[in-house]
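This report refers to the structure that appears directly beneath it.
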Amino acid sequence: MVGIVTRNEPELSWSGFDRAFYEQKSASGRASESTADGINTLACFADDTTIRDRPELAARSRDGQPATSEHPTLDQSYVCPTHESYREGLLKMIGDAGRASGDVRLDDIGFPRAEFCHCERCDRRFAASEYADRPAWRASVVTDFVAAARERVPGDLLVGLFPDPYPAHLYERSGIDLEALEPMVEEFVVPLYDTSYGTTYWLESIASGFADRLDARVSVELYAGVEIDPLLAATAAVEPHADAVLYGYDASTARAAIRRRNADSRGGVTHRPDDV
């Protein structure tokens, strides 16, 4: 099974793909109306625009550093997952997306990194919680959010994961407890992006690691803005370990790669003139 991930609505109906994902809310903070023509996809707590406009919403480290795209270990800005009004607005958007497309995909569902969040609200809630250690409390925050989202999605719930299948790494990094989430999630999506795919062994290692660890369906998302030959090599590396391969943000190249692969798989007979 192959799919496309796009922010351009006309591409949702392109032939050659088994399903299409529409980037309704991106990590940049750009948001649009939900669509009925593809699986609405939302970056949850990654939101550059919100943090730029309301910096007080940013998750914070113990020493007070905000989780912004200027942070040396972050590519984008993150809202603290315990901020109630942002969370409720996000859940409303998820509900609207579910009513439109049935299935919904959520990315960036957790904390930005292990050192977050130590804002006053998080410190207060952890102190008042039943948990003795902060990682367990963080995991409960993320699990509760996914459970609330699950109630608002009438179809399949898909969740994007940071590409690290090693046991406990997602738990320590983002507060994602895979064992707790798996009963609520039909499919996990693992983005494995590279700007050239000059080597592919690491793709196979990560994809097979998630396939071994999870009972739910696993899709691997590849960056399609590369040359066709390396994209096909990347596809060949992950396909044996994935229920689906998704191509991100270059539908033309993705469709050309699929056509090339289909043509190569059909083969053919070469006809030559009879020898004289």
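Every number in this text was worked out from the coordinates using simple rules, so none of it is lab data. Just so it is clear, the model here is predicted, and its values are computed rather than measured. As a convention, Cβ positions derive from the backbone with ideal geometry for all residues, glycine included, and neighbour counts pool all protein chains shown.
With q set to 0.20, 0.22, 0.23 Å⁻¹, the log10 of I(q)/I(0) for the stretch 207-265, from the Debye formula over equal scatterers at the Cα positions, is -0.72, -0.83, -0.88.
All C-alpha to C-alpha distances of the stretch 154-276, sorted into 5 Å bins beginning at zero, yield P(r) values of 2, 10, 19, 19, 16, 12, 8, 5, 3, 2, 2, 1, 1, 1, 0 percent in whole numbers.
Please give the peptides 196-203, 86-93 ranked by average Cβ packing (other Cβ atoms within 10 Å per residue), highest first, as a rough proxy for protection.
Numbers: 196-203: 14.5, 86-93: 16.2.
Per-residue mean Cβ counts within 10 Å order the peptides as 86-93, 196-203.
Relative to the dominant Cα principal axis of the chain, helix 134-150 is inclined by about 60°.
Taking 1.567 mPa s as the viscosity and 4 °C as the temperature, the Stokes-Einstein diffusion coefficient of the stretch 20-158 based on its alpha-carbon Kirkwood radius rounds to 85 µm²/s. Between the Cα long axis of helix 228-238 and the first principal axis of the chain there is an angle of about 60°, rounded to the nearest 10.
Quick one: compute the contact order of the chain, relative version, from alpha carbon pairs under 8 angstrom and 6+ residues apart, as a percent. Dividing the mean separation by the residue count of the chain yields 16 percent. Each other residue within a Cβ distance under 12 Å of L158 adds +1 if Lys or Arg and -1 if Asp or Glu, for a net charge of -3.
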